[in-house]
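Student: Questions regarding the structure given below will be posed in turn.
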Amino acid sequence: MFNWRPNYTHYATPKADSLYELAMRLTEFNTRAKLYNEMEQVVLEDSPMIILYYNQIVYLKNKKVRDMYIDGLNTMILKKAKLD
């Protein structure tokens with residue numbers, strides 16, 4: 001199901017695919033984060049691979065910047081960002 005999405009391992013299960021598809025249609029950050037966490041749990045329980053590396057990125061943001069967010073791929077989304 002993952003088509004063009006960043007699924008470099010080609011892992012696919014109906015449960016993980018449906019969680020991903022739903023998360024991609026939602027815009028509310030906390031709801032999406034819960035779905036991604038649930039999807040991660042499905043993958044970990046299935047254990048198709050051993051995760052050796054987990055990308056962590058630290059962003060520093062000025063308090064004057066608002067309405068920006070980081071998506072599930074650690075991409076900084078500035079489309080609606082504003083500077084006070």
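The values are calculated or read from the model by the stated rules, or taken from the named source; none is laboratory data. All figures in this text were calculated on a predicted structure; none of them were measured in a lab. In this analysis, Cβ positions are derived from the backbone assuming ideal geometry, glycine residues included, and neighbour counts consider all displayed protein chains.
Student: Only one residue in TYR36, TYR59 is at pLDDT below 90 and either touching a helix residue (DSSP H, G or I) at 6+ places or on another chain (Cβ under 6 Å) or of a type in the set (Ser, Thr, Tyr) (or both), so which one is that?
Tutor: None of the others qualify; the one that does is TYR59.
Student: Right, next: Would you be able to say whether some residue in the range 7-15 is surrounded by 12 or more Cβ atoms within 10 Å (Cβ to Cβ), touching a helix residue (DSSP H, G or I) at 6+ places or on another chain (Cβ under 8 Å) and modelled with pLDDT under 90? Before you say what the answer is, go through the steps one by one.
Tutor: First pass over the range 7-15, keeping only residues surrounded by 12 or more Cβ atoms within 10 Å (Cβ to Cβ): 7, 11-13, 15.
Pick out the ones that are also touching a helix residue (DSSP H, G or I) at 6+ places or on another chain (Cβ under 8 Å) and you get 11, 13, 15.
Adding the requirement that they be modelled with pLDDT under 90 leaves 11, 13.
There is at least one residue in the range 7-15 that is surrounded by 12 or more Cβ atoms within 10 Å (Cβ to Cβ), touching a helix residue (DSSP H, G or I) at 6+ places or on another chain (Cβ under 8 Å) and modelled with pLDDT under 90.
Student: Only residues in the range 65-77 that are modelled with pLDDT under 85 count as the first member; pair them with residues that are assigned to a loop (DSSP other than H, G, I, E, B), Cβ under 6 angstrom, at least 6 apart or cross-chain, and list the lot.
Tutor: From the range 65-77, the pairs are ASN74/ILE57.
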